[in-house]
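What follows is a single structure, written as structure tokens, with notes after it.
Values in this text are rule-based calculations from the coordinates and carry no lab data. Everything quoted here is computed from the prediction, not taken from an experiment. Cβ sites come from the backbone with ideal geometry, for glycine too, and all protein chains shown count toward neighbours.
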Amino acid sequence: MLPALVQPDFVAQLKTGLGTGAIGTALIGMLGGYALSGRGPRWARIASRAACAALILATIVGTAVSTPELRSTNAFLAITLLALLSLLAAACTLPHLPIALRLENTDTMVHSFDIDAFDVHVAMPTGTAALALFTATAPGSYPFYCRIPGHTEAGMAGTLIIEP
Ligand SMILES: [Cu+2]
């Protein structure tokens, strides 16, 4: 997003309208995703919702004030655009949402699931399922392991990879 904003012809894009649709689409996706995520400061989510509402309103008003010959075509385009943007905003909530891992222990021994980076420490009693809930705050590689003495050394460890 940032490279699109710092292009030397950004002002020209705004004046001509060329390329602003792409910027607007990315903005609505990011802002909508953040607004719908239910995470982060309340004021920031309200500001994101307001910005999305303004962009959507601009689309509707732009359609309404277009010439009568183009109005039905523009209305179809506006509905298609709004549907796509809604889907994009919904998809953009995914990085903000918590991860839920169902951990089933079918072994005869007790185990655990631990990711220090996310402060995840879940006991895994034998013969039942446990739930690990956490939010991946940043992309990266995060080691996980079983904290029962000797288990990490026995190979109960791995790396959780969070991709951007
Ligand atoms: Cu173990």
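Computed values, structure above
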{"read-out": "Inter-probe distance in nm under a simple model that places probes 7 Å from Cα toward Cβ, at His151 and Thr93", "value": "3.4"}
{"read-out": "Calculated from backbone phi, Karplus (6.51, -1.76, 1.60) coupling profile of the stretch 118-132 in Hz, x at Gly/Pro", "value": "10, 6, 9, 9, 10, 6, 10, x, 6, x, 8, 10, 10, 10, 10"}
{"read-out": "Kirkwood Rh, angstrom, the stretch 98-162 [1 / mean 1/r, Cα pairs]", "value": "12.2"}
{"read-out": "Proximal charge balance of Tyr145 [Cβ under 15 Å; K/R count +1, D/E count -1]", "value": "-3"}
